[in-house]
Amino acid sequence: MAEIIDGQRIAGEFCDHIRDKVQEIKKAGIEPCIALVNASQDPSSEIYVSRKMKMAKYVGITSLVHRFNSDATGNDVADLIGKLNDDDRIHAILLQSPLPQNFVFRELVNLIRPDKDVDGLTTLNQGRLFSGEPGIIPCTPMGVMHLLNIVHPQLAGMHAVVLGRSSIVGRPLAQLLLNADCTVTMLHSRSKNMAEICRSADVLVSAIGRPRFVLKNFIRPGATVIDVGVNKIEENGARKIVGDVDFDGVFGIAGAITPVPKGVGPMTVAYLMHNTLKLAYCY
Ligand code: NAP
């Protein structure tokens with residue numbers, strides 16, 4: 001049976017450490033502050049925003065939330081980002097996704113000043129990651145690497161398979177794994193023989209948003225499985241959140257596995273705090 005990687009506990013410990021660091025920089029006269037921009041009309045986004053505010057409060061970071069109604073336009077969001085860029089009190093700006101379909105996420109995210117881009121999604125910060133220059137790295141892949149480094153302090157030479165190639169999770173994660181000297185394979189919706197390729201993985205990370213897609217025949221015995229997926233389903237008349245991995249099936253064969261919820265999700269929030277602190281302190 002697999003070891004369960006307790007993301008909730010690990011994120012909690014990491015946030016305690018961030019809290020201490022926040023106290024230190026406050027003594028130096030810096031008040032770290034993040035602006036959360038929520039133009040998403042998806043009800044889950046408000047839940048994610050309130051979790052981020054709660055954790056910011058815990059670690060001592062000021063969070064300011066800007067919400068938009070359903071009649072807001074891309075120009076309204078662009079105007080706000082411009083104001084936040086010019087506001088010296090604000091160190092970090094997060095544009096909550098998903099945005100409604102009439103918004104172009106990449107255009108809006110690229111309006112964020114790269115030195116306030118807390119999720120590392122501007123083209124400049126993504127380019128820095130891919131060229132090996134220091135910059136801000138997306139929170140979820142950083143959280144995944146934190147968990148992996150606990151299970152495998154030495155990742156070099158391992159075969160890591162990443163399912164999903166989004167610019168927010170799959171691509172930056174593959175780059176971080178490559179930087180850690182893994183042999184990396186990326187799979188996506190057009191890939192073939194996925195189960196077979198996944199079975200050759202020492203480390204398997206799924207970020208595709210397909211409930212229970214990864215079955216036990218995808219897993220090499222003893223492999224480490226990180227489930228980034230967050231999928232809402234209805235089962236036996238009840239609403240549930242499940243990952244991309246069929247946890248019950250995979251639990252008996254994997255060496256270590258993250259649960260959903262309480263796996264990667266809390267690590268994403270923790271790294272949002274980490275990146276805010278970094279922007280307040282280093283830039
Ligand atoms: P996304 O932008 O929709 O990207 C999904 C990726 O999965 C795409 O690359 C897509 O391939 C691939 N894919 C879709 N169906 C597939 C299939 N049947 N087989 C193989 N690949 C498939 O999603 P995302 O933003 O990366 O998020 C992915 C999941 O992670 C979602 O459930 C999201 O809610 C979750 N998430 C969780 C956290 C967290 O903190 N826990 C953070 C971010 C995201 P193509 O490129 O070919 O279309």
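The values are calculated or read from the model by the stated rules, or taken from the named source; none is laboratory data. Bear in mind that the values here come from a model prediction, so they are computed numbers and not experimental data. All Cβ positions, even for glycine, are placed from backbone atoms using ideal geometry, and neighbour counts span all protein chains on display. Heavy atoms of the whole protein, side chains included, go into the accessibility calculation; ligands, DNA and RNA do not. Shrake-Rupley method; radii C 1.70, N 1.55, O 1.52, S 1.80 Å.
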Notebook entry, point to check: At what distance in nm do the modelled label points of ALA195 and THR73 sit from each other, each positioned 7 Å from its Cα along Cα→Cβ?
Noted result: 5.1
Checklist line | In degrees, nearest ten, helix 170-179 long axis to first principal axis of the chain (Cα) | finding: 80
Notebook entry, point to check: Once fully extended, how much extra length lies between GLU133 and ILE30, figured as 0.36 nm per residue of separation less the alpha-carbon to alpha-carbon distance?
Noted result: 34.5 nm
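With a probe of 1.4 Å, find how much accessible area the chain has per residue, and write the answer as a whole number in Å². Write out the running numbers ahead of the final one.
Details: 13690 Å² over 283 residues.
Dividing the accessible area of the chain by its residue count gives 48 Å².
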Checklist line | Angle between the chain longest axis and helix 7-27 axis [Cα atoms, degrees, rounded to 10] | finding: 30
Checklist line | Theoretical FRET efficiency, 1/(1+(r/R0)^6), r = Cβ-Cβ of LYS57 and ASN236, R0 35 Å, to 0.05 | finding: 0.45
Next item on the list: Give the carbon-plus-sulfur fraction of the accessible surface of the range 139-265 in %, rounded to a whole number; probe 1.4 Å, heavy atoms of protein chains only.
Entry: 51
Check: Using a Gaussian network for the chain with springs between C-alpha atoms less than 10 Å apart, which of these wobbles most: PHE68, PHE218, PHE14?
Finding: PHE68
Check: Taking the Cα atoms only, what angle lies between the long axis of helix 43-59 and the longest principal axis of the chain, rounded to 10 degrees?
Finding: 70
Notebook entry, point to check: Ranked from highest to lowest mean number of other Cβ atoms within 10 Å per residue, what is the order of the peptides 271-282, 242-253?
Noted result: 271-282, 242-253
Note to self: A 31 angstrom limit on the alpha carbon distance is what I want to check against. Which of LYS240/LYS278; LYS57/LYS216; LYS116/LYS262; LYS52/LYS232; LYS52/LYS83; LYS52/LYS216 exceed it?
What the structure shows: LYS240/LYS278; LYS57/LYS216; LYS52/LYS216
Next item on the list: Leaving ligands, DNA and RNA out of it, report the carbon-plus-sulfur percent of the accessible area of the range 41-128 at a 1.4 Å probe.
Entry: 52
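Using mean Cβ contacts within 10 Å as the protection proxy, how do 125-131, 202-208, 152-158 order, highest first?
The most tightly packed comes first, giving 202-208, 125-131, 152-158.
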Next item on the list: Pull out a ≥ b ≥ c, the square roots of the eigenvalues of the alpha-carbon gyration tensor of the range 1-73, then state rounded if a/c is under 1.5, prolate if not and a/b is larger than b/c, and oblate in the remaining case.
Entry: oblate
Checklist line | Computed [θ] at 222 nm, helices only, for the chain once each DSSP H run of length n ≥ 4 contributes -39500 (n - 2.57) | finding: -12500 deg cm²/dmol
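Please sort 231-237, 71-77 by packing, taking for each peptide the average over its residues of neighbouring beta carbons within 10 angstrom, highest first.
Result, highest mean first: 71-77, 231-237.
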Margin query: Just to be sure I understand: if I project the alpha-carbon convex hull of the range 139-265 onto a plane and average over all orientations, what area do I get in nm²?
Written below: 7.3
Item checked: Cleavage-rule hits (trypsin sites (Lys or Arg not before Pro)) in the range 41-105: DSSP loop, at most 12 neighbouring Cβ within 10 angstrom -> ARG89
Check: Rounded, prolate or oblate: which fits the chain, taking a ≥ b ≥ c as square roots of the Cα gyration tensor eigenvalues, rounded meaning a/c under 1.5, else prolate when a/b beats b/c?
Finding: prolate
Next item on the list: Kindly identify the range 29-113 as rounded, prolate or oblate by the Cα gyration tensor criterion: order the square roots of the eigenvalues as a ≥ b ≥ c, call it rounded if a/c is under 1.5, otherwise compare a/b with b/c, prolate if a/b is larger, else oblate.
Entry: oblate
